[in-house]
Structure formats: structure tokens, C-alpha cells
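Let me begin by presenting the structure, written as C-alpha cells, before commenting on it.
The values are calculated or read from the model by the stated rules, or taken from the named source; none is laboratory data. All of these numbers come straight from a predicted model, not from anything done at the bench. Note: ideal-geometry Cβ built from the backbone for every residue, glycine included; neighbour counts use all protein chains shown. Only protein heavy atoms, including side chains, enter the accessible area calculation; ligands, DNA and RNA are left aside. Shrake-Rupley method; radii C 1.70, N 1.55, O 1.52, S 1.80 Å.
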Amino acid sequence: EAQVTQNPRYLITVTGKKLTVTCSQNMNHEYMSWYRQDPGLGLRQIYYSMNVEVTDKGDVPEGYKVSRKEKRNFPLILESPSPNQTSLYFCASSRTVGTGGQETQYFGPGTRLLVL
Amino acid sequence: AQSVTQLGSHVSVSEGALVLLRCNYSSSVPPYLFWYVQYPNQGLQLLLKYTSAATLVKGINGFEAEFKKSETSFHLTKPSAHMSDAAEYFCAFTGFQKLVFGTGTRLLVSP
């Protein structure tokens, strides 16, 4: 089954304790992206990757890191989480995307993070 | 600047009534437009997308949307709401290297 998986689905942590949210897709997609969803703000892009070893900042990258060592995986790293990073996080992938791209993005089920 | 505006953070309808969720876009180039749906505790799922092949686009679960360039709109409709349509709906378009999302509209369906 074609899918995007994220782990963990729920996470409670404390300020400053490093954490990683994993994302994996089995569709051989080149493009992967991380979004955060906050009430009233919709989804905002954190980081994206056009292919292996190619990553770039989205609209809200502060406090986050990513890596893309393999095509299927795109982990999101919070080196020192803070309460303002409490949010619902989604990973997504698509074949490609660029200016005017029409490819559908496939989303993972989400990771709900609470930083105390 | 490229953007998407969804009018109304909440829309309430009765079961069997028409569903109309509004989306307006601002783009300097012809856009590719999408509607995604998010059911409670789930990720986003594509409902339909406009890719310039036809202005009236039919999607899953009986939804459709019409691209109107003159009005810069891409409103989502369904003739008859069902209880299972209760969800949050996001309009989006493809910007540079990413999807640009609206802030979402929560559809409430009452019996």
C-alpha cells in the first residue's frame, strides 16, 4: 500500500530535550516536505527536500533541522524544543514539485507534539 | 504575493443541504489548485485538483469545484451534505517549491 508513515504519532516532551520525528514514504517520491498545522493558521511549510541531499527552508524553519540521506526518509529534528513548537506536524511527499507543479502531495497521519 | 484565502473558518449545514466552501487565490501565473480534506485525527487527503484541463473538476465523495479565472475563485460544492462530510477542508495551490494552503474551513453537518 502506497503510504507516508510518521513516528511517533503523539509525543510529550520537555523544553530542551532533543527529539526526532521520522517520516518514510514507499512511493519512490523525489519531493518531501514537513508542515506544521496550528489553529487559524492552516499548514505552514517548515522544510522541504527536492531529492537526496537537497533540502531547503520553508516558511517557518527556525528551531528545526532536517536531513535527506535516503530517498524514502526525511526526519524532522528539534534540537532544543520550546513550547512554541507545540503543534501538529505533517510529512508529505510527491513525485516532484516546482513552479506550477501539478503533482498531488500525499500526507502522513500527523504527529501531535506537546512541549512542556 | 501568491496566496489563498478561504472565506469562513466554519460553515454549518443541515444534512441534505448544499455545501459551498469558498476559496479565492492570488497568483501571477496560472495556478494549479487543490482541495484537501482532513478528517478528525487523520492526515490530509486530496479531494480534487485543477490542472487547466477543464474548469469544472469532479472529485471524490460527490464534491466538485469550478475554476473561475475572472473571479480568481475555486469554490468547492456538493449538492447534498452527508454527516460523514464533517471535516476540515483546505484549499491550496502550488507555489514555488511548495503547496500554499489556506487557513481551512471546518464543515459542520447537523441532522
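For the subset of the range A:28-53 comprising residues that are in contact (Cβ under 8 Å) with a residue 12 or more places away in the chain and in a loop (DSSP other than H, G, I, E, B), which member is nearest to the other protein chains (Cβ to nearest Cβ)?
A:Glu30
Which condition breaks for A:Gly63 when tested against (1) out of contact with any helix residue (DSSP H, G or I) (no Cβ under 9 Å at 6 or more places or on another chain); (2) free of Cβ contacts under 8 Å to residues at least 24 places away in the same chain; (3) farther than 24 Å from B:Tyr50 by Cα?
(1)
Of the numbered conditions (1) open to solvent by less than 40 Å² (accessible area, probe 1.4 Å); (2) touching a residue at least 60 places away in the same chain (Cβ under 8 Å); (3) more than 17 Å from A:Cys91 (Cα to Cα), B:Phe90 fails exactly one; give the number of that condition.
So the condition that B:Phe90 fails would be (3).
What number of residues within the range B:10-36 are surrounded by fewer than 17 Cβ atoms within 10 Å (Cβ to Cβ), in contact with a helix residue (DSSP H, G or I) (Cβ under 9 Å, 6 or more places away or on another chain) and at pLDDT 95 or above?
Summing the residues that are surrounded by fewer than 17 Cβ atoms within 10 Å (Cβ to Cβ), in contact with a helix residue (DSSP H, G or I) (Cβ under 9 Å, 6 or more places away or on another chain) and at pLDDT 95 or above in the range B:10-36 gives 1.
Return the residues of the range A:78-113 that are touching a Phe, Trp or Tyr at 6+ places or on another chain (Cβ under 8 Å), modelled with pLDDT of 95 or more and open to solvent by 30 Å² or more (accessible area, probe 1.4 Å); say none if nothing qualifies.
Within the range A:78-113, A:Arg112 is the sole residue that qualifies.
Can you name the condition, by its number, that B:Lys69 falls short on among (1) out of contact with any Phe, Trp or Tyr (no Cβ under 9 Å at 6 or more places or on another chain); (2) within 14 Å of B:Asn24 (Cα to Cα); (3) surrounded by 13 or more Cβ atoms within 10 Å (Cβ to Cβ)?
Only one criterion is unmet by B:Lys69, namely (3).
Select from the range A:95-116 the residues that are under 17 Å from A:Gln6 (Cα atoms) and over 13 Å from the mean Cα position of the chain (by Cα) and list them in ascending order.
Within the range A:95-116, A:Leu114 is the sole residue that qualifies.
Collect the residues in the range A:1-32 that are open to solvent by less than 20 Å² (accessible area, probe 1.4 Å) and either closer than 20 Å to B:Asn41 by Cβ or modelled with pLDDT of 95 or more (or both), keeping them in residue-number order.
A:Val4, A:Gln6, A:Thr13, A:Leu19, A:Val21, A:Cys23, A:Gln25
Whether any residue in the range A:14-27 is away from every other protein chain (no Cβ under 11 Å), over 22 Å from B:Lys49 (Cβ atoms) and basic (Lys, Arg) is what I want to check.
Yes, the range A:14-27 contains a residue that is away from every other protein chain (no Cβ under 11 Å), over 22 Å from B:Lys49 (Cβ atoms) and basic (Lys, Arg).
Residues that are more than 19 Å from B:Leu44 (Cβ to Cβ) and under 12 Å from the mean Cα position of the chain (by Cα): list the strands (runs of 3 or more DSSP E) wholly contained in the range B:56-111 that include at least 2 such residues.
Because the criterion is at least 2 residues that are more than 19 Å from B:Leu44 (Cβ to Cβ) and under 12 Å from the mean Cα position of the chain (by Cα), the strands (runs of 3 or more DSSP E) in the range B:56-111 that meet it are B:64-68, B:73-78.
Exactly one of (1) modelled with pLDDT of 95 or more; (2) within 10 Å of chain A (Cβ to nearest Cβ) is unmet by B:Gln42. Its number?
Only one criterion is unmet by B:Gln42, namely (1).
How do the strands (runs of 3 or more DSSP E) wholly within the range A:54-113 filter down when requiring 3 or more residues that are within 9 Å of chain B (Cβ to nearest Cβ) and farther than 17 Å from B:Lys98 by Cβ: which remain?
The strands (runs of 3 or more DSSP E) meeting that bar number zero.
For B:Thr5, are the conditions met, namely being open to solvent by 60 Å² or more (accessible area, probe 1.4 Å) and either of a type in the set (Val, Ile, Thr) or touching a residue at least 24 places away in the same chain (Cβ under 8 Å) (or both)?
yes
Consider the range A:33-43. How many of its residues are at negative phi and surrounded by fewer than 20 Cβ atoms within 10 Å (Cβ to Cβ)?
Matching residues across the range A:33-43 total 3.
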